[in-house]
Structure formats: C-alpha cells, structure tokens
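Visitor: Dropping a structure here in structure tokens format, bear with me for questions.
The values are calculated or read from the model by the stated rules, or taken from the named source; none is laboratory data. Because the structure is predicted, anything quoted here is derived from the model rather than measured. Using ideal geometry, Cβ is built from the backbone for each residue, glycine included, and neighbour counts are taken over all protein chains shown. Areas reflect the complete protein model, heavy atoms only, side chains present, ligands, DNA and RNA absent. Shrake-Rupley method; radii C 1.70, N 1.55, O 1.52, S 1.80 Å.
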Amino acid sequence: MTTVTAQIPADWPATEERARAVQDGLRARVVLDEPGPPPGTGTVTGVDVAYDDARDVVAAAAVTLDAATLAVVAEATAAGRISFPYVPGLLAFREIPTVLAALDALPCPPGLVVCDGYGRAHPRRFGLASHLGVLTGLATIGVAKNPFTFAYDDPDTPRGSTSPLLDGAEEVGRALRTRAAVKPVFVSVGHRVSLDNACAHTLALAPAFRLPETTRRADTLCRAALRAAAYPA
C-alpha cells in the first residue's frame, strides 16, 4: 500500500492561544440534532494515528468496513511531520492534517467515521471527532480507551450496559460495556450523530473484542505505516 504524504496547511495554528481560538470558532458549528446513519448500514471508517517523536513523524490510517459484515472495503495511510506540540486538550492539532490526508486517499466515501479518541467528551467539548466532523461535514463519533478526566459509575456486567460519562452534572458521553465483565469503552458524539446511535454503532462494531473493529484495524495499519515511513522531505 502506498502511503501519501500529508502537508501541514500554511495557516495551521502554531501556538496554544491560536489553537484555542480556532477551537472556539469551530465548536459552534458542531451539529448535535441529527441521529446519524443507522447501525449496520452503508460503510463505516476507523481512523487512528501513531507517532515517532524522535523522527518528528506522524502516520495515520483510514480503514473502511462494510457496516453489515465488517469486511474491509478500502484502506489508506498517510505520513508527515508532526504539526503541533503535545498539549493536553489540543491533540487534534497534532493529528488532523495526517488524518485528512488518509481520508482523502480512500477510493470510496467513508460513511460514518469512528475516531480513536474523543468528541464532546473533551474539556472544551471539541475533541478530535468533533473537529474532524466539522472540517469534513462527515458524521463522526469518538470511542476512547479511557475516560479522560470525566467521572462515571461502572456499567452493569452484561454486554451493552452503559452509564453516563459526566463532567459535573453534564453527560458528555457514555461508558459502554462491549464485552461482558470487561472494562468499558468511552463513547462520545463527534458531529451529526446522536449519543444513542453512537453507542449502537460502537456495539455493532465490537462483536468479539473490547474495541471496535474499525479501531483495531486502523491501529494495526497506522503503526505499520509509521514503521515504513521515510523522514518527510
């Protein structure tokens, strides 16, 4: 597979102050009143990112699955220079140029996009899934491995059980048990999908493992792309 080279846009934020201003401007464009595509229909694409800070390289993968069968429909990878320093709450600025390049390299429409990370479950309510959704117009959700800084009660033991992911009294996502008696994942809305639907998609994408197949396949692919990536020119 050919890995395309991601370019950092000329106007990409270079400071924390500028990045937060961009977040503030884009956050108002998040759409929260659409249900999103029904689970098990069309296509669904997982995106994930891997870094090699020593080489200043980031790689991203986009893996499109048939939502009904979970068979791989298309794959694409991109690599480039890391576009922003590590700052908690601003990780999207390190990842989005490369993720966009991988999505653009897909030979088919991605359908729903599942990010390995957060959407509304973010201190500023604008994690990677929301940021990516606003920039592309695609329906997006975030499925994270940990609850970030938010509180939750452990869901009941059976698969499919949920509990609210809370910032004070505000529900910013849900803890979802994708396997009985296994640690939950943490689902949040990105853009143009309801929280109920985001959880239903996540459950449908995780028939055998804790993480969605979209995330598992994209993680493997982006790590392979990172190992193979030459230092960007």
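Visitor: Would you please give the residues with an amide H less than 5 Å from that of Ala74, counting only those at least 5 places away or on a separate chain, with H modeled from the backbone geometry?
Guide: Thr64
Visitor: Where does each of 176-184, 83-91 land if you order them by average Cβ count within 10 Å, highest first?
Guide: Highest to lowest by the protection proxy: 176-184, 83-91.
Visitor: Cβ neighbours within 10 Å, averaged per peptide: list 3-10, 71-78, 130-137 in order, most packed at the top.
Guide: 130-137, 71-78, 3-10
Visitor: Counting only C-alpha contacts under 8 Å and six or more residues apart, can you give the relative contact order of the chain as a whole percent?
Guide: Value for the chain: 24 percent.
Visitor: Can you list residues whose amide H is under 5 Å from Val113's amide H, if they're 5+ apart or on another chain and H is modeled 1.01 Å from N?
Guide: Residues meeting the criterion, in which the H sits 1.01 Å from N, are Thr45, Ala139, Thr140, Ile141.
Visitor: On average, how much accessible surface per residue is there in the chain, in Å², for a 1.4 Å probe, leaving out ligands, DNA and RNA?
Guide: Averaged over the residues of the chain, the accessible area is 43 Å².
Visitor: What number, in percent, do you get for the relative contact order of region 139-207 if the mean sequence gap of Cα pairs under 8 Å and at least 6 apart is divided by its residue count?
Guide: Relative CO of region 139-207 lands at 33 percent.
Visitor: Measure off, as a whole percent, the carbon and sulfur share of the 1.4 Å-probe accessible area of the chain, all protein chains present.
Guide: Here it works out to 53 percent.
Visitor: Highest mean first, how do 14-21, 116-123 rank when packing is the count of other Cβ atoms within 10 Å averaged over residues?
Guide: Going from most to least packed, we get 116-123, 14-21.
Visitor: Taking the Cα centre of the chain as origin and charging only Cβ (+1 Lys, Arg; -1 Asp, Glu), how large is the dipole, in debye to the nearest 20?
Guide: 300 debye
Visitor: Can you compute 3J(HN,Hα) from phi for each residue in region 50-67, using the Karplus curve 6.51 cos²θ - 1.76 cosθ + 1.60 with θ = phi - 60°, rounded to whole Hz and x for Gly and Pro?
Guide: Rounded to whole hertz, the list is 9, 10, 10, 5, 4, 9, 6, 10, 10, 10, 10, 10, 10, 10, 9, 10, 5, 5.
Visitor: Please give the length that would be gained between Ala21 and Tyr86 if that part of the chain were fully extended, namely 0.36 nm times their separation in residues minus their C-alpha to C-alpha distance (nm, one decimal).
Guide: 21.7 nm
Visitor: Here is a further query. Which FRET efficiency value, to the nearest 0.05, do you get for Asp56 and Thr157 by plugging their Cβ-Cβ distance into 1/(1 + (r/R0)^6) with R0 = 41 Å?
Guide: E between Asp56 and Thr157, to the nearest 0.05, is 0.40.
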